[in-house]
1. Across the range 172-194, what is the total count of residues that are open to solvent by 30 Å² or more (accessible area, probe 1.4 Å) and either closer than 14 Å to Asp150 by Cα or part of a helix (DSSP H, G or I) (or both)?
2. Check the range 106-125 and report whether any residue there is under 26 Å from Lys190 (Cβ atoms), modelled with pLDDT of 85 or more, under 41 Å from the mean Cα position of the chain (by Cα) and not in a helix (DSSP H, G or I).
3. In the range 152-204, which residue that is among the basic types (Lys, Arg) and farther than 17 Å from Asp74 by Cβ is nearest to the chain's Cα centre (by Cα)?
4. Report yes if some residue within the range 136-148 is among the polar types (S, T, N, Q), open to solvent by less than 60 Å² (accessible area, probe 1.4 Å) and in contact (Cβ under 8 Å) with a residue 60 or more places away in the chain; otherwise report no.
5. Looking at (1) modelled with pLDDT under 90; (2) small (Gly, Ala, Ser); (3) touching a Pro at 6+ places or on another chain (Cβ under 8 Å), can you tell me which one Ala195 breaks?
6. Looking at the range 154-165, is at least one residue among the small types (Gly, Ala, Ser), in a helix (DSSP H, G or I) and surrounded by fewer than 19 Cβ atoms within 10 Å (Cβ to Cβ)?
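The values are calculated or read from the model by the stated rules, or taken from the named source; none is laboratory data. Computed from a predicted structure; not experimentally measured. A quick note on method: Cβ atoms are made from the backbone with ideal geometry, for glycine too, and the neighbour counts reach across all protein chains shown. Side chains are part of the model used for accessible areas, which takes the heavy atoms of the whole protein and leaves out ligands, DNA and RNA. Shrake-Rupley method; radii C 1.70, N 1.55, O 1.52, S 1.80 Å.
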Amino acid sequence: MNVNGVTSVNDAYSMYNKPSESPKQEESAVKSSVETAASKAGKEGVVYEPSLEVPTKTYKANDEMIAKLKQEADSHIQKLQDIVSKLISKQADAYSVANDMWSLLREGKLDVDPATRAQAQADIAEDGYWGVDQTSSRIVDFASALTGGDPSKIEKMREAFKKGYEQAEKTWGGQLPEISKKTYDAVMEKFDKLAADATNQTMA
């Protein structure tokens, strides 16, 4: 028998039927492969980290808008002052026509006929157009219309009313008639009620 032939067959058999590596060797190889991949990812991969610095937003006042709003507010206040001055002055005139006709005639301020005097007396009556209730209501209604009913502006409207009343006194040339003083008190009471109602709505 040819020994070389047997050896060749054995060699071939050994080459194609070589036992696999031990489990420990396979585990080591896998671990090494994973570590290599992780190392590579650490070197070549992109890592996103949140910035520790939060960007701050800069706020700037809108001077143009502020000026516009201030102008509108001042305009509304001035309008109320003007209407108060005119209403109170006209009320005082009506009162004088009804009660002080002769003194006004002597001073040459008015030329009043009996019909005019009768109308003036009706106008300043309790339920008349220039009476305390209607005049004070018109003033407060006008103030509410100017502010759109904004309760935060009640005190500004109150101050505007006071200035308007003072203007009426200057126009009148002294203290206004009793009816105007009562109207002043009535307006203040109505402003107080508006403020109280606004507070109750806020607390509700």
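1. Total meeting the criteria: 11.
2. Yes, because at least one residue in the range 106-125 is under 26 Å from Lys190 (Cβ atoms), modelled with pLDDT of 85 or more, under 41 Å from the mean Cα position of the chain (by Cα) and not in a helix (DSSP H, G or I).
3. Lys193
4. Scanning the range 136-148 turns up at least one residue that is among the polar types (S, T, N, Q), open to solvent by less than 60 Å² (accessible area, probe 1.4 Å) and in contact (Cβ under 8 Å) with a residue 60 or more places away in the chain.
5. (1)
6. no
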